[in-house]
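Below is one structure; the comments refer to it alone.
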Amino acid sequence: MLVVTKFGGSSLSSATQFAKVKNIVLSDPKRKIVVCSALGKRDKEDTKITDLLYILHAHLKYSVPYKDIWDMIYTRFLGVKEELGIDYEIKNDLDELQKELNKNIPQDYLVSRGEYLTSKLMAAYLGYSWVDAKDLLKYNYDGTLDEELTQKNVKLAVSKNNQIVVPGFYGAYPNGSVRLLSRGGSDVTGSILANCINASLYENWTDVSGILAADPRLVKEPRAIDYITYAELRELSYMGASVLHEETVFPVQQLNIPINLKNTNRPEDIGTFIQNDCPASKTIVTGIAGKKDFLSFNIQKDHMSNEVGFLRKGLSIFERYGVSIEHTPTGIDSFSVVVAASQVEKVQYELVTDLKKELGANVNVEGDLALVAVVGRGMAKRSGVCAKIFETLGKKSINVKLLAQGPSELNIIIGISSKDYEETVSSLYDSLIRNN
Ligand code: ASP
């Protein structure tokens, strides 16, 4: 029963946060691997160490004076060490790094020093062994993970030590140079490590008590979801709910390792469990998410239904321009193709011209479309959800422009005008989740 536990930047922003992390980690000896992000924001106005390092790199690259930024980084690390009286001469590492600062310092290396130094501080504070991520996570030159070698390294490190602290966010290429993951990548580090040791649980600690059932900027005090399947999470994330780095799920899902999202500031809250088999949910709908800025290409041609291959021909024109398609609602003699506006920014004119010419169809483009996803494993084979959606939106005089449900019946997508977006999310939350 081994647990991998990852702490995000807000859990590591100050000496006070470090103390909370220590209490959490030491309260359960099963926490075998501790993954650290870099020092995060102490308050809204503060800047993350990772952001400072990116700025520092830009200053170096363009030969702009960088002393002020370097001083900010230096004093933040030193401040945490001194406040906690940690027995690790971080000054030496900082001085070494300072000597390395020059115009050509690789960005990946410099930015990864945030996690590197933060995790070393944490290891010393906990009294655990520190293992560099560059000796564990091995990447091929094409950016794919060398799974075999990584697993071998991780297993060895775990067998040699009782507990280890590992920096998140990076690994190494075969020549030993640092490979930085994309932003938020410490989530992925934790997930890969959990996979390597076949952990019984992957804990991911942040500053919220789990995934909220809707965006709190649109809905007043949405509840936290207690259990959600990987598939539900994917639907909600795809539709805009920002929870974990999108590559986090795959390594743990493969082995059915649950992820538990927890709040460092309220460790008593159970948070959200993400796993394959979830208990029946309290509400039929698990969560609601959505996005604005979609366009609908409406294509109409008399007797289109008699032309075999018409839809294929139409869609191949979108493929030609590399446009990814979200939905294709169809009528008898018409169909629509819904795409993200960003996908067709540069090619809309050409697309319409080709569609008209090659299909001999009338084409009009409708903008300002928003999509809202109602997601819930409890919806499958259940009647009445659509009725409730229509009733709710009907009462608010919100016009439904599109309705789509996938074969898994895990989600219902509703297309509305962008101006109705906020009201759609909040009224659906009230009728489908809050009042149930
Ligand atoms: N510190 C990095 C970032 O801010 C990676 C992480 O926190 O996961 O993106």
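Laid out as a table, the results:
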read-out: Matching residues in segment 339-369 - criterion: being assigned to a helix (DSSP H, G or I), closer than 22 Å to residue 416 by Cβ and in contact with a helix residue (DSSP H, G or I) (Cβ under 7 Å, 6 or more places away or on another chain); value: 344
read-out: Complete set of residues in segment 290-338 that are assigned to a loop (DSSP other than H, G, I, E, B), under 30 Å from residue 217 (Cβ atoms) and at pLDDT 95 or above; value: 323, 324, 325
read-out: Residue count for segment 366-391, restricted to those that are more than 27 Å from the chain's Cα centre (by Cα), buried (at least 18 other Cβ atoms within 10 Å of the Cβ) and not aliphatic (A, V, I, L, M); value: 0
read-out: Restricting segment 255-272 to residues that are among the β-branched types (Val, Ile, Thr), within 16 Å of residue 4 (Cα to Cα) and assigned to a loop (DSSP other than H, G, I, E, B), the residue that is nearest to the ligand (Cβ to nearest atom); value: 264
read-out: Among (1) within 13 Å of the ligand (Cβ to nearest atom); (2) assigned to a loop (DSSP other than H, G, I, E, B), the one test that residue 190 misses; value: (2)
read-out: Breaking point among (1) surrounded by 14 or more Cβ atoms within 10 Å (Cβ to Cβ); (2) away from the ligand (no atom under 16 Å from the Cβ), for residue 65; value: (1)
read-out: Scan of segment 227-254 for residues that are more than 16 Å from the ligand (Cβ to nearest atom), in a loop (DSSP other than H, G, I, E, B) and crowded, with 17+ Cβ neighbours inside 10 Å, ordered by number; value: 229, 239, 241
read-out: Some residue of segment 197-217 being more than 27 Å from residue 236 (Cα to Cα), buried (at least 18 other Cβ atoms within 10 Å of the Cβ) and either among the aliphatic types (A, V, I, L, M) or away from the ligand (no atom under 16 Å from the Cβ) (or both); value: yes
read-out: In segment 162-181, residue nearest to residue 25 (Cα to Cα) [restricted to those that are more than 8 Å from the ligand (Cβ to nearest atom) and of a type in the set (Gly, Ala, Ser)]; value: 171
read-out: Flag for residue 4 being in contact with a Gly (Cβ under 7 Å, 6 or more places away or on another chain), within 13 Å of residue 123 (Cα to Cα), modelled with pLDDT of 95 or more and not in a helix (DSSP H, G or I); value: no
read-out: For residue 426: the one exception among (1) polar (S, T, N, Q); (2) at pLDDT 90 or above; (3) surrounded by fewer than 16 Cβ atoms within 10 Å (Cβ to Cβ); value: (3)
read-out: Residues (β-branched (Val, Ile, Thr), closer than 17 Å to residue 66 by Cβ and buried (at least 18 other Cβ atoms within 10 Å of the Cβ)) located in segment 80-120; value: 111
read-out: Residue 377 touching a residue at least 60 places away in the same chain (Cβ under 8 Å) and charged (D, E, K, R); value: yes
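The values are calculated or read from the model by the stated rules, or taken from the named source; none is laboratory data. Just so we're clear, the structure is a prediction, and the values are computed from it rather than from any experiment. A quick note on method: Cβ atoms are made from the backbone with ideal geometry, for glycine too, and the neighbour counts reach across all protein chains shown.
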